[in-house]
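Novice: The structure follows.
Values quoted throughout were computed directly from the atomic coordinates according to the rules given, and no laboratory measurement underlies them. From a predicted model like this one, the values you see are computed outputs, not experimental measurements. Quick reminder, even Gly has a Cβ in these numbers, built from the backbone with ideal geometry, and neighbours come from all protein chains shown.
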Amino acid sequence: MYVFLKGLWKEHPIFRQLLGMCPTLAVTNTARNGLFMGLAVIFVLFFASCIVSLIKKIIPHEVRIAVYTVIIATLVTIVDIFFKAFFPDVSRALGPYVPLIIVNCIILGRCEAFASKNRLLPSLLDALGMGVGFCWGLFLLGSIRELFGSGNILGFTIFPACYNPLVVMILPAGAFLVLGFLVSAMNCIENRRKR
């Protein structure tokens, strides 16, 4: 169970390891975008880890990274086509950041560091933990930015009509501000737990 839980907090990909910063900062101007990007990463990470764990013994060591990249690229293409077919508005909003999942450090790193060295079940638990951790991180970041940038979350009005939105929150600078605050908050919580 620790293999799953570590991705949710102790080794959180965004707030502890600072991985996947490109989609983290680029697509989290709304909670919905963060959620869909997180779900895409969960899908790709889960199935890439599954495949790598199953075929690790037949992949020559010299070409393993290239093989992992082809596996990840295939899965990302499936997600991209799925979004374009069933969620065209989300596909347009996420733009080129879905195809960039191919080079996301989280996915390639987990395939190399964990799935290639472990059995199937621990690899799947690790992938789910890291993926869900990444997803809740993007969703939280997007929710905070959307809340203060427009007064809504997922289309639900939270602040009254008199609220004056902070436009900076839906701009790239807002992503850096919220990310910095969340990383700092997580570090403070972790330091208090250690004491």
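Novice: How many residues are touching a Phe, Trp or Tyr at 6+ places or on another chain (Cβ under 6 Å) and crowded, with 22+ Cβ neighbours inside 10 Å if we restrict to region 138-166? It would help to see each step written out before you state the result.
Specialist: First pass over region 138-166, keeping only residues touching a Phe, Trp or Tyr at 6+ places or on another chain (Cβ under 6 Å): 151, 166.
Narrowing further to those that are crowded, with 22+ Cβ neighbours inside 10 Å: none.
Final tally of qualifying residues: 0.
Novice: State whether the residues of region 134-149 include one that is touching a residue at least 24 places away in the same chain (Cβ under 8 Å), more than 30 Å from Tyr163 (Cα to Cα) and not basic (Lys, Arg).
Specialist: yes
Novice: Consider Arg119 carefully, then state whether it is surrounded by fewer than 14 Cβ atoms within 10 Å (Cβ to Cβ), out of contact with any Gly (no Cβ under 6 Å at 6 or more places or on another chain), touching a residue at least 24 places away in the same chain (Cβ under 8 Å) and charged (D, E, K, R).
Specialist: On the way: surrounded by fewer than 14 Cβ atoms within 10 Å (Cβ to Cβ): yes; out of contact with any Gly (no Cβ under 6 Å at 6 or more places or on another chain): yes; touching a residue at least 24 places away in the same chain (Cβ under 8 Å): yes; charged (D, E, K, R): yes.
So Arg119 fits the description; yes.
Novice: Another question, then. Keeping to region 7-30, report how many residues are closer than 29 Å to Arg192 by Cα and part of a helix (DSSP H, G or I).
Specialist: Quick first cut of region 7-30, residues closer than 29 Å to Arg192 by Cα only: 7-21, 24-25, 28.
Next, from what is left, pick out any that are part of a helix (DSSP H, G or I): 21, 24-25.
So the answer is 3.
Novice: For Pro99, only one of the following conditions fails: (1) within 18 Å of Leu35 (Cα to Cα); (2) in contact with an Asp or Glu (Cβ under 7 Å, 6 or more places away or on another chain); (3) crowded, with 19+ Cβ neighbours inside 10 Å; (4) not β-branched (Val, Ile, Thr). What is its number?
Specialist: Condition not satisfied by Pro99: (3).
Novice: Cβ-Cβ below 6 Å, separation at least six or inter-chain, first residue in region 50-64 and in contact (Cβ under 8 Å) with a residue 12 or more places away in the chain and over 16 Å from Leu125 (Cβ atoms), second of a type in the set (S, T, N, Q) and surrounded by 15 or more Cβ atoms within 10 Å (Cβ to Cβ): which pairs?
Specialist: From region 50-64, the pairs are Lys56/Ser116.
Novice: In addition: Taking region 51-90 as the region of interest, how many residues are buried (at least 18 other Cβ atoms within 10 Å of the Cβ), closer than 17 Å to Phe114 by Cα and either among the aromatic types (Phe, Trp, Tyr) or under 19 Å from the mean Cα position of the chain (by Cα) (or both)?
Specialist: Of the residues in that region, 3 qualify.
Novice: Right, another one. Which residue pairs have Cβ atoms under 7 Å apart, sit 6 or more places apart or on different chains, and have a first residue in region 154-174 that is under 16 Å from Ser143 (Cβ atoms) and in contact (Cβ under 8 Å) with a residue 24 or more places away in the chain and a second that is surrounded by 14 or more Cβ atoms within 10 Å (Cβ to Cβ) and of a type in the set (Ser, Thr, Tyr)?
Specialist: Final answer for the pair search is Ile170/Ser150.
Novice: Name the one entry in Phe36, Phe15 that is in contact (Cβ under 8 Å) with a residue 60 or more places away in the chain and crowded, with 17+ Cβ neighbours inside 10 Å. Steps first, please.
Specialist: On the way: Phe36 fails: in contact (Cβ under 8 Å) with a residue 60 or more places away in the chain.
Unique residue meeting the criteria: Phe15.
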